[in-house]
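To keep things clear, I will list the structure first and then write my remarks on it.
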Amino acid sequence: MRARWAVGLMTGTVLDGNIDVALLRTDGICVESFGHYALKPYDQMTRQLLVDALEQAQQWQFAAEEPAVFAEAESRLTLAQAVAVQELVDEAGLSMEDIGVIGFHGQTVLHRAPTAQTRGATRQLGDGALMARTLGCTVVHDFRTADVLAGGQGAPLSAIYHQALLASLGADASAAVLNLGGVANLTWTDHAGALVAFDTGPANAPLNDFIARSGLGEMDRDGRLAAAGTVDEARLQQLLQHPYLVQDWPKSLDRNDFTASMADGMNAEDGAALLTAFTAAAVGKALDLLPVRPSRLIVCGGGRHNPTLMQALRDRAVAVCETSEMQGWRGDAIEAECFGFLAMRALQGLPLSFPTTTGVPEPLTGGIISAGRS
């Protein structure tokens, strides 16, 4: 397939109120060029519906009947994201006829990893058919369900895109990609084509929730609170005994598997310092699980904007931590770009997940394709 423009959409588990939307010119194997990227905010009603859906999902836990809020939130977020796509395409001087596919991740409201006894489960809100009708463009959505039904973790799905980005740099096994969203995930590859990816632990979600619970805003902006606090090293070592951190890959997390309760009873500065140090130290433990321990991390996702977290990674994980911008990548856009890339692969039936990334028995394609034009 020749390279075409793809639009990728992502709203992360950190739930910052924004839609990430990015243009990428790709054939699903290589990246030809990056296009426009933007953050498009949800209106307050849509954002509140998503907050309500996330809260009710914790009570639902994949019971037979979904909470009623899911349907309303799904419709509103789909139409909001369709508007975001149209605006970005217009801003880029393109038309919808120029777009080969839209990769629509949707909003994860609940994710449960498989165990030896039970199959995993996952739910992303997002109506791909509605978006396809609205925009008149082919949409791929529900990227994770096929993987979960095959016995996989359903996450992370970013590995094959990270591998393409690393290949564009000629990087070897000494480098890995770390994404710091609500949850942190890691991708490692080598020149022989080996590919490993898994969630390392929490990233921004517990810290943001702790700051919000403390009445101090939505995040530890620029890591100022954590920088002013003191890490309780004894408490940190207790947290680092969590069995997930030494569990072999493949493995994945829901945003609520590690919560702000890790800092219960602490003041804002010391609590932020503890949660920041835990994220970094968990990455350090994750690096020990790889076939070759990388000496360099390329960091993307919102967490890279936090200098205290970046320094904690250098102190507690690996000495060389570089932002994705240092490689010519767009760190805020990578997750959205990824789903445009995956959508182009899905159109060709190419695999999105692998035994060493999500634990599926064999390389597996995925996504539901909704045609927008006859």
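The values are calculated or read from the model by the stated rules, or taken from the named source; none is laboratory data. Quick caveat: nothing in here was measured; it's all calculated off a predicted structure. Here the Cβ is made from the backbone with ideal geometry for all residues, glycine too, and neighbour counts use every protein chain on show. Just the protein is used for accessible areas: all its heavy atoms, side chains included, with ligands, DNA and RNA removed. Shrake-Rupley method; radii C 1.70, N 1.55, O 1.52, S 1.80 Å.
Helix 268-287 against the longest principal axis of the chain: what's the angle in degrees, Cα atoms only, rounded to the nearest 10? Computed tilt is about 70 degrees.
In the stretch 49-179, the DSSP beta bridges split such that about 60 percent are antiparallel, to the nearest 5. Per-atom-type breakdown for the chain gives carbon and sulfur 51% of the accessible area (1.4 Å probe, protein chains only). Between Leu169 and Gln348, full extension at 0.36 nm per residue minus the direct alpha carbon distance yields a gain of 61.9 nm.
Here are a few candidate values for Kirkwood radius over Cα pairs in Å: (i) 22.3; (ii) 21.3; (iii) 20.6. Which one was actually calculated from the structure I just gave you? From the options (i) 22.3; (ii) 21.3; (iii) 20.6, the structure gives (iii). Taking label positions 7 Å along the Cα-Cβ direction at both His191 and Glu218, the computed distance is 4.5 nm, reported to one decimal.
A full extension of the chain between Ala371 and Ala228 corresponds to an added length of 46.2 nm, given 0.36 nm per residue minus the alpha carbon distance.
Given the chain, what percent of its DSSP beta bridges are antiparallel, to the nearest 5?
Roughly 65 percent of the beta bridges in the chain run antiparallel, per DSSP.
Of the trypsin sites (Lys or Arg not before Pro) found in the stretch 1-46, those that fall in a DSSP loop while having at most 14 other beta-carbon atoms within 10 Å are Arg2. Accessible area per residue for the chain is 38 Å², calculated with a 1.4 Å probe on protein heavy atoms, without ligands, DNA or RNA. Placing a pseudo-label 7 Å from each Cα along the Cα-to-Cβ vector at Glu91 and Gln48 gives an inter-label distance of 2.6 nm.
Annotation note: trypsin sites (Lys or Arg not before Pro) in the stretch 63-158 located in DSSP loop regions with a Cβ neighbour count of at most 15 within 10 Å are Arg119.
By how many nm would the segment from Met326 to Phe34 grow when fully extended, if each residue of separation counts as 0.36 nm and the alpha-carbon distance is taken off?
Details: separation 292, 0.36 × 292 = 105.12 nm, distance 1.56 nm.
103.6 nm is the gain from fully extending Met326 to Phe34.
Across all directions, the average projected area of the convex hull around the alpha carbons of the stretch 166-322 is 8.4 nm².
Ranked by the mean number of other Cβ atoms within 10 Å per residue, highest first, peptides 201-207, 261-267 order as 201-207, 261-267.
Helix 159-169 and the long axis of the chain differ in direction by around 90°, with both axes built from C-alpha atoms. Over what distance in Å are the Cα centres of the stretch 1-37 and the stretch 196-253 separated? Answer, in whole Å: 28.
What the phi angles of the stretch 173-179 give under the Karplus curve with 6.51, -1.76 and 1.60, with θ = phi - 60°, is a coupling list of 5, 7, 10, 9, 9, 10, 9 Hz, glycine and proline written as x. Label-to-label distance, Arg119 versus Val83, with points set 7 angstrom from Cα along the beta-carbon direction: 3.8 nm.
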